[in-house]
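Report on the following structure.
What follows is calculated from the coordinates using simple rules that are stated; it is not laboratory data. These numbers come from a predicted model, not from an experiment. Note: ideal-geometry Cβ built from the backbone for every residue, glycine included; neighbour counts use all protein chains shown.
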Amino acid sequence: MVTRLYTHPIFLEHITPPGHPERPDRLRAIERALDDEAFAGLDRVKAPQGDEATILYAHPQEFVAHVRAAIPETGIVSIDADTSASPKSWQAALTAIGAANAAVDDVFDGRADNVFVAARPPGHHAEKTTAMGFCLFNTAAIAARYAQRKHHAERVAIVDWDVHHGNGTQDIFWDDPSVLYCSTHQMPLYPGTGAVGETGAGNIVNAPLAPQTGSKVFRDAFLSRVLPAIDNFVPDLIIISAGFDAHHRDPLAQINLTEDDFDWATGQLLQRAGRHSDNRVVSLLEGGYDLQGLAFSVAAHVGRLMKG
Ligand SMILES: [Zn+2]
């Protein structure tokens with residue numbers, strides 16, 4: 001297995017207000033964890049700048065212009081109650097998109113079996129026309145569309161195990177049966193969407209979890225809801241919206257997973273990718289706000305990607 005890792009120093013320059021959980025130290029914690037010699041075999045590549053035109057794969061032009069116009073020259077501005085932008089946020093978001101799209105190229109062109117993109121800001125809350133929940137643009141959605149346009153992928157599965165429901169990804173693909181969106185998430189919790197009955201064009205699979213859910217119920221949901229949907233869909237590519245805020249240490253939610261659960265879930269998706277999509281897996285960092293829980297979880301996730 002060749003596992004590629006994309007990072008870039010620009011991701012540290014998307015600055016959020018003091019005390020905000022989505023902060024640059026998250027990436028520093030991940031960097032430290034992946035510095036361990038266990039990860040010496042990672043193919044480390046500096047993320048390329050993204051092509052602005054690809055943002056339009058998931059968002060209309062007016063919205064893109066609105067976000068661009070909101071980027072301040074100095075200081076920090078609020079985009080919504082918990083989403084903000086600083087002078088380098090545009091470049092950070094665009095580089096996150098560039099890395100995700102490059103990761104898609106890598107798995108289709110055979111440069112890597114799978115790729116982890118350690119970027120911020122995250123993306124899964126960004127709807128077609130709304131930046132929210134720490135997210136400016138929906139990186140996973142753009143990457144899925146990019147795989148379809150550039151590499152003629154017919155079906156892309158997005159699996160989102162962030163503890164928050166990916167309302168943005170669901171919104172973008174609501175009536176698009178060429179993309180399967182599967183989410184496990186705590187309910188009730190921000191942003192309030194993600195009920196079982198929200199099924200789009202039959203391509204949305206929501207598996208909400210009650211507060212205090214632990215490993216067994218999470219794994220059961222994965223085995224009974226997510227994996228059968230993937231087997232039924234037969235994707236050409238699996239994209240993971242890899243948030244690690246369902247870890248028991250995380251301060252933003254009450255799900256009690258451990259890093260072993262992320263190792264296990266990664267292994268399950270790799271099996272499906274081997275069966276259906278020539279091993280192609282692109283994993284994109286979403287949430288995860290306890291630095292130790294995040295570091296342990298990313299180490300388990302990337303370690304599993306490398307082992308296959
Ligand atoms: Zn989250």
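Find the relative contact order for the range 1-140 and round it to a whole percent, using C-alpha pairs within less than 8 Å whose residues are 6+ positions apart. Don't jump to the answer; show the numbers that get you there.
Details: 252 pairs, mean separation 47.8, N = 140.
In percent, rounded to a whole number, it is 34.
Going by how many other Cβ atoms sit within 10 Å of their own, how do 71, 238 line up, fewest first? List each step's numbers first, then the result.
On the way: 71 17, 238 26.
The fewest-first ordering by Cβ neighbours comes to 71, 238.
For the range 163-260, run through the trypsin sites (Lys or Arg not before Pro) and keep only the ones in DSSP coil with at most 12 other Cβ atoms within 10 Å of their Cβ.
none
Please order 2, 107 by the number of other Cβ within 10 Å, starting at the fewest.
So the residues, fewest neighbours to most, are 2, 107.
Any chance you could run the full-extension gain for residue 215 through residue 1? It's 0.36 nm times the residue separation minus the Cα-Cα distance, nm to one decimal. Walk me through the numbers on the way to the answer.
Working: separation 214, 0.36 × 214 = 77.04 nm, distance 2.71 nm.
Separation in residues times 0.36 nm, less the Cα-Cα distance, equals 74.3 nm.
Once amide H atoms are placed 1.01 Å from N in the peptide plane, what residues at a sequence separation of 5 or more from residue 185, or on another chain, have their amide H within under 5 Å of its amide H?
Hits under the 5 Å cutoff: 207, 209.
Starting at the first residue of the range 219-236, write each ³J(HN,Hα) from the Karplus equation 6.51 cos²θ - 1.76 cosθ + 1.60 with θ = phi - 60°, in whole Hz, x for Gly and Pro.
Along the range 219-236, the couplings run 5, 4, 5, 5, 6, 8, 10, 6, 5, x, 5, 5, 4, 6, 7, 6, x, 8 Hz.
Compute the relative contact order of the range 78-224 as a whole-number percentage, counting only Cα pairs closer than 8 Å that sit 6 or more residues apart in sequence. Please report the intermediate quantities before stating the final value.
Numbers: 259 pairs, mean separation 24.3, N = 147.
Rounded, it is 17 percent for the range 78-224.
For the range 100-241, what proportion of DSSP beta bridges, expressed in % and rounded to the nearest 5, is antiparallel?
Expressed as a percentage, antiparallel bridges in the range 100-241 total about 10.
Membrane-span-like helices in the chain: DSSP H runs reaching 18 Å or more (Cα, own axis), mean Kyte hydropathy at least -1.0?
Values: long enough: 89-109 (29 Å, 0.56); 259-276 (26 Å, -1.20); 291-307 (24 Å, 0.78).
Helices meeting the criterion: 89-109, 291-307.
When only C-alpha pairs under 8 Å and at least 6 residues apart count, what is the relative contact order of the chain, in percent?
Details: 743 pairs, mean separation 60.2, N = 308.
About 20 percent, as a whole number.
How large is ³J(HN,Hα) for each residue in the range 198-210, as worked out from phi by the Karplus curve 6.51 cos²θ - 1.76 cosθ + 1.60 (θ = phi - 60°), to whole Hz, x for Gly and Pro?
Values per residue, Gly and Pro as x: 7, 10, x, 8, x, 9, 10, 10, 9, 10, x, 10, 6 Hz.
Taking H placed 1.01 Å from N in the peptide plane, check which residues at least 5 places from residue 239 or on another chain put their amide H under 5 Å from its amide H.
157, 158, 159, 282
Taking neighbour counts of Cβ atoms within 10 Å as a proxy for exposure, in what order, fewest first, do 20, 8, 124, 248 appear? Display every interim value, and only then the final one.
Working: 20 14, 8 22, 124 31, 248 17.
Fewest-to-most Cβ neighbours within 10 Å comes out as 20, 248, 8, 124.
Figure the gain on full extension for residue 111 and residue 152 (residue separation times 0.36 nm, minus the Cα-Cα span) and round it to one decimal in nm. Don't skip to the end; give the middle numbers.
Details: separation 41, 0.36 × 41 = 14.76 nm, distance 1.75 nm.
Gain on extension, residue 111 to residue 152, equals 13.0 nm.
What's the extension gain from residue 61 to residue 254 if we count 0.36 nm per residue and subtract their Cα-Cα distance?
On the way: separation 193, 0.36 × 193 = 69.48 nm, distance 3.74 nm.
Additional length available on full extension: 65.7 nm.
Check each of the GluC sites (Glu not before Pro) in the range 41-109 and keep only those in coil by DSSP with at most 10 other C-beta atoms within 10 angstrom; list them in order. Working shown, then result.
Working: sites: 52, 62, 73; in loops: 73.
Sites meeting the loop and neighbour criteria: 73.
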